[in-house]
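Values quoted throughout were computed directly from the atomic coordinates according to the rules given, and no laboratory measurement underlies them. The structure displayed is predicted, hence computed values, not measured ones. As a convention, Cβ positions derive from the backbone with ideal geometry for all residues, glycine included, and neighbour counts pool all protein chains shown.
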Ligand code: FAD
């Protein structure tokens, strides 16, 4: 995808040497082959370029990088696991990449306060494992958890599959340590739940996609580790029935309902067809599926799940269902869901949307969007799936069978416009959890309150007056 952005000035060799002196020669990458993994991403959708990738090992090094960059007006692009889906971590115009991956220490685990202080480069899965080792849960969970980092999760305010019960990344952070554009360090590693001492600076950096500063560490909330986790794969006729099942599940399970994922038949079909080893969890054909999970600190999760499904069968809402009998089966269920993103690739071009609408409006949104999109591009194949419990649908649209992929993808913004019109009319958001980056940057002013945009610009100017922090992203 080509992104228009003002060019960054070239980087003189003596400045490269000064940056390299901060992190050490081996952690300053300039050779094309070394830089390559940092300037593109796994889906190959965004391609950038950079004269220099810096891999600092400490907050002090990040601070020195920012100070030097400020002095010479050098643009920086912070990067974590490089799994972002909106091109925010890509240096589209020659920015210096600051990769936080080497800052991967867990600085502290406090089981009495139920907190963990993790550096920005800690991989999400490692944070989850460290919590589990002390019999706690760090509940943020998403398909990219083996690669994405805590810094990236907070900078994108990631959502994921457990947001229904535990909230999004923002709600799991008590504090952040941030290096500002001019090199000052904001030490906000609070472990406090209650702290009403003025403006909430932490929350400005969470979801800022690296445009206000570089997060170097975070103080995270830990939760009791559930004793029992029960997972069911359910076949149903419609999103309306899925919504009715959600109401039953919330009534019966309350806070122990941790995930409620809606999957269209075509999405599951792609996941089974294109990923070796994936198998249909239910016999028979069902137009829609729900992947539902309950986590409980007591041993009642199984009986609660059975009650929910019984009520679903009795009400004619559920057509078929299977409960995972063991961890292997549970992981296989989740793999079917997580593989949907990748499984769209062999089907050709996919125009993606990460939208949210009020939960009650999801069925109407899917019906209207399906009709409108196919009217716009005859033969296009909507592949809706996502976090129904949060009103968040990944409304992806695969190209018509046999179409030319480049021609189809050239219509990306045209298809977006059709979908966004419906989303906005329903009071929704064009970016539920992936952020704005560059992918939705040009649409943002059309969909966001002008006063909000003006305040965002003012905040950006205050924190980053020289405009060196991830320029061209979000705003
Ligand atoms: P990166 O991709 O490296 O960066 C993302 C953004 O954060 C960029 O703007 C970057 O500049 C900025 N950034 C990174 N680190 C820092 C830092 N330390 N300080 C300041 N800015 C920083 N997202 C969801 O929300 N929910 C999902 O369910 C979900 N599922 C996914 C499944 C797959 C298979 C994939 C590939 C992605 C998925 N994502 C999902 C998107 C992605 O994983 C998240 O956005 C994740 O939080 C990004 O983390 P990262 O470390 O890879 O960040």
Tilt of helix 124-133 relative to the longest C-alpha principal axis of the chain, in degrees (0 to 90, nearest 10)?
70 degrees
So if we plug the beta-carbon distance of residue 313 and residue 199 into 1/(1 + (r/R0)^6) with R0 = 45 Å, what FRET efficiency do we get, rounded to 0.05?
0.30
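Starting from the Cα-Cα distance between residue 225 and residue 466, subtract it from 0.36 nm times their residue separation and give me the gain in nm to one decimal.
On the way: separation 241, 0.36 × 241 = 86.76 nm, distance 4.50 nm.
Between residue 225 and residue 466, full extension yields 82.3 nm more.
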Mind pulling the per residue volume of the convex hull built on the Cα atoms of the chain? Å³ is fine.
149 Å³
Rounded to 10°, Cα long-axis angle of helix 450-463 versus longest principal axis of the chain:
40 degrees
Working out 0.36 nm times the residue gap between residue 282 and residue 25, then minus their Cα-Cα distance, what length gain in nm do you get to one decimal?
87.0 nm
Neighbour-count order for 32, 41, 421, 209, fewest beta carbons within 10 angstrom listed first
32, 421, 41, 209
Rounded to the nearest 5, what % of DSSP beta bridges with both residues in the chain are antiparallel?
90 percent
Which value at 222 nm does the chain reach when only helices count, each DSSP H run of 4 or more adding -39,500 (n - 2.57), with the total divided by all residues and rounded to the nearest 500 deg cm²/dmol?
-10000 deg cm²/dmol
Using 0.36 nm per residue, how much length does the chain from residue 44 to residue 265 gain when fully extended, once their Cα-Cα distance is taken away?
76.9 nm
Classify the range 269-317: rounded, prolate or oblate, from the alpha-carbon gyration tensor (a ≥ b ≥ c, eigenvalue square roots; a/c under 1.5 rounded; otherwise prolate if a/b is larger than b/c)?
oblate
Would you mind computing, in nm to one decimal, how far apart the modelled labels at residue 457 and residue 134 are, each placed 7 Å from Cα along Cα→Cβ?
4.5 nm
Can you sort 184, 170, 330 from fewest to most other Cβ atoms within 10 Å of each residue's own Cβ?
184, 170, 330
Provide, for q = 0.12, 0.16, 0.17 Å⁻¹, the log10 of I(q)/I(0) from a solvent-free Debye sum over equal Cα point scatterers in the range 361-469.
-0.51, -0.82, -0.89
Calculated diffusion of the range 72-183, Stokes-Einstein form, Kirkwood radius summed over Cα pairs, 20 °C and 1.002 mPa s, µm²/s
145 µm²/s
Relative to the longest principal axis of the C-alpha atoms of the chain, give the angle of the C-alpha long axis of helix 13-23, reported between 0 and 90° and rounded to the nearest 10°.
60 degrees
Suppose a student asked you for the relative contact order of the range 267-364, using Cα pairs under 8 Å spaced at least 6 residues apart; what percent would you report?
44 percent
What is the range 154-212 by shape, rounded, prolate or oblate, if you read a ≥ b ≥ c off the alpha carbon gyration tensor as root eigenvalues and call it rounded for a/c under 1.5, prolate for a/b larger than b/c, and oblate otherwise?
oblate
Hey, fewest Cβ within 10 Å first, where do 171, 25, 61 land in order?
25, 171, 61
Under the definition of Cα pairs under 8 Å and six or more residues apart, what whole-number percent is the relative contact order of the chain?
15 percent
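Mean separation of Cα pairs under 8 Å and 6+ residues apart, divided by the residue count of the range 305-455: what relative contact order is that in percent?
In percent, rounded to a whole number, it is 25.
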